[in-house]
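Worksheet: the structure to be examined is printed underneath.
The values are calculated or read from the model by the stated rules, or taken from the named source; none is laboratory data. Small disclaimer: the values here were computed from a predicted structure and weren't measured. Cβ placement follows ideal geometry from the backbone for every residue including glycine, while neighbour counts extend to all protein chains displayed.
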Amino acid sequence: MEKIDLAVEILKKGEVVAAPTETVYGLFADASNDVAIQKIYEIKGRPICNPLIVHVSDVERAKETAKFSEIAESIAQYFWIEKELPLTIILPNLNKNISKFVTAGLSSIALRRPNHKISRLLIEKFGSSLAAPSANTSTFVSPTSFEMVKSDLGAKIPLILDGGSCSVGLESTILDLTQKPFVILRPGGVSKKEIETFLGEDVLTSAELNIQAIKAPGMMEKHYSPNLPVRINSLFPQEDEAFIAFGKTNEPYDLNLSLSGDLKEAAQNLFRFLKLLDNKSKFSGIAIMPIPNFDIGVAINDRITRASAT
Ligand code: AMP
Ligand code: MG
């Protein structure tokens with residue numbers, strides 16, 4: 001049997017399956033099944049108040065789940081279908097067939113269409129929406145490869161589909177369309193500029209609004225963290241620290257996010273490097289060089305700032 005058909009069978013039984021998306025690997029379950037969704041929270045050790053993103057195969061399917069305004073529909077058409085970019089949108093929940101555990105009882109729902117042939121085929125063959133957070137233990141580093149999922153959750157889940165390395169490497173941008181101006185709740189694979197250029201108007205960020213953690217728990221202070229302490233904006237390592245460089249440096253480093261200073265390449269490498277260097281017997285901590293704060297660099301800085309929170 002094809003692995004993907006086996007995955008669909010497992011999902012139909014109310015179990016979970018890990019699969020790649022273009023952002024990070026996700027832990028998927030039937031969005032309409034309370035028991036299956038509760039398994040996601042249990043396996044990740046995720047607080048039950050952290051709502052999950054619902055993954056859909058197309059805009060039509062999404063419209064059965066959430067109330068789309070005209071502008072919401074054009075955003076989905078442009079970012080999901082035309083550009084195939086990782087944008088999650090928050091819309092009013094129509095409360096149809098989606099487990100209350102997915103939305104943590106909120107009146108809104110988070111939707112995204114993944115751009116990866118395996119997760120897309122999985123949703124299409126399953127025939128309805130799948131909820132998925134990242135396939136890692138809560139608060140730890142998100143997985144961007146099959147091996148990373150296996151070493152963290154391999155013993156707890158029946159199947160991991162292997163799709164190699166994730167092309168984006170960081171989570172989706174979350175855009176809240178339930179308030180005006182629209183608000184970016186979490187920076188990610190789509191930049192603020194790309195959204196504003198499409199809309200022809202400014203959007204706010206949660207930092208500007210000082211939105212608290214409960215609105216988007218991916219915003220919680222400590223998140224995306226290895227076991228070792230992380231020190232950001234470091235020009236050189238302290239004794240016994242692992243050193244992650246970005247671009248050219250005269251300092252000796254352990255790993256370089258991108259020798260040419262390419263932010264997209266840095267995003268692809270970030271979580272894998274944090275995991276690779278997370279070795280207490282070798283290092284006392286992980287130091288990271290400054291990362292330019294534009295385009296996907298904003299999302300990189302968001303993740304490493306949270307990784308460095310104590
Ligand atoms: P993760 O699954 O770790 O990538 O995180 C998913 C993010 O989506 C979390 O930060 C959630 O809080 C956020 N999210 C999901 N549903 C909603 C919602 N209805 N309103 C606001 N944020 C949401
Ligand atoms: Mg996560």
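Quick one: count up the residues across region 1-44 that are within 16 Å of ligand 1 (Cβ to nearest atom), assigned to a loop (DSSP other than H, G, I, E, B) and touching a Lys or Arg at 6+ places or on another chain (Cβ under 8 Å).
Final tally of qualifying residues: 1.
How about region 77-113: which of its residues are in a strand (DSSP E or B), without any contact (Cβ under 8 Å) to a residue 60 or more places away in the chain and of a type outside the set (A, V, I, L, M)?
N93
So which residues in region 293-310 are surrounded by fewer than 15 Cβ atoms within 10 Å (Cβ to Cβ) and free of Cβ contacts under 8 Å to residues at least 40 places away in the same chain, if there are any at all?
Within region 293-310, N293 is the sole residue that qualifies.
Let's see how each residue does on (1) within 17 Å of the chain's Cα centre (by Cα); (2) assigned to a loop (DSSP other than H, G, I, E, B); (3) without any contact (Cβ under 8 Å) to a residue 60 or more places away in the chain:
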site	(1), (2), (3)
L121	no, no, no
K125	no, no, no
A131	yes, no, no
S138	yes, yes, no
S142	yes, yes, no
I157	no, yes, no
D162	no, yes, no
C166	yes, yes, no
L170	yes, yes, no
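Would you say L153 is surrounded by fewer than 22 Cβ atoms within 10 Å (Cβ to Cβ) and either among the polar types (S, T, N, Q) or at pLDDT 95 or above (or both)?
Yes, satisfied.
Within region 211-232, can one find any residue that is surrounded by fewer than 16 Cβ atoms within 10 Å (Cβ to Cβ), within 30 Å of G105 (Cα to Cα), of a type outside the set (D, E) and away from ligand 2 (no atom under 15 Å from the Cβ)?
yes
List pairs: first residue in region 259-277 and without any contact (Cβ under 8 Å) to a residue 60 or more places away in the chain, second residue among the polar types (S, T, N, Q) and surrounded by fewer than 21 Cβ atoms within 10 Å (Cβ to Cβ) anywhere in the structure, Cβ distance under 7 angstrom, at least six positions apart or on different chains.
E265/S258; A266/S258
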